[in-house]
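Worksheet for the structure shown next.
Here, each number is a calculation from the coordinates, and none is a lab measurement. Nothing here was measured: the structure is a model prediction, and the numbers come from that model. No Cβ is skipped: glycine too gets one built from the backbone with ideal geometry, and neighbour counts run over all protein chains shown.
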Amino acid sequence: MSAVADNGAGTRQRIVASGLRLFADKGFRGTTVGQIEEAAGLTARAGAMYKHFESKEAVLEAAVEENVRELEALHSAIELMPLGDLRAELTLLARWGLHVLAQQRDLRRIVIAEGDRFPELKRSFRDRIVDRAYGEAQTFIGRKVDARELPEVDGDALAVLLTGALLGYTLERDVFERDPAGVDEERFVAALVNACMALANPRKEADDG
């Protein structure tokens, strides 16, 4: 299911984006190669997609790889920290997390709807994307505990709590196409960061409030 020789990164990207959108909207079986080609601006049913991918399954694999690269960029951002300002770091990570989750929307819909049909895709999404995201959060929390910027906490549970908050906010936006309870992204990020800062320094945050 691997991609064949690449004859143009821009074309490949259009194929992946178009295929992912169609798979999410029409289902994997309901999407034809011709529809993907047409949506990507290629001549339909002329075999253009096969110059870049061996199959529709390979298009899905490429989508997973793109999302893995997004998480690798997040890892690079964490490696560049600390900024010397915990609030700024938390704000950056929360915003980046929401961005990554927004990018994953169509792939997430496919995994939810067709994960049983494609257990390998489901497993890859879990191992390489979901668990990786938890791992990045755990690493960040662990470093802040070691630096005594956060108190001794259950880092695994806190990573699940924070990552779950970002995912829940994103999923509600996806399903209902509105900000949850009217809370926009800026307010949500601010509240999440304030909660973390209260954990880091409860007395100071209470005095500032």
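Each residue, residue 80 and residue 126, gets one label point 7 Å from its Cα in the Cβ direction; the gap between the two is 3.4 nm. Rounded, prolate or oblate for the range 1-54? Axes are the square roots of the Cα gyration tensor eigenvalues, ordered a ≥ b ≥ c, and the cut-off for rounded is a/c under 1.5. Taking the square roots of the gyration eigenvalues as a ≥ b ≥ c, the range 1-54 is prolate.
Remark: the chain carries a charge dipole of roughly 620 debye about the Cα centre, counting +1 on each Lys and Arg Cβ and -1 on each Asp and Glu Cβ. Annotation: amide H-H contacts under 5 Å for residue 53 (H modelled 1.01 Å from N, sequence separation of 5 or more, or interchain): 4. Cβ-to-Cβ counts within 10 Å put 172, 186 in ascending order as 186, 172, the fewest first. Using label points projected 7 Å from each Cα along Cα→Cβ, tell me how many nm separate residue 32 and residue 105, to one decimal. Using points 7 Å along Cα→Cβ, the separation is 2.8 nm. A Förster radius of 41 Å combined with the Cβ-Cβ distance from residue 149 to residue 175 puts the calculated FRET efficiency at roughly 0.70.
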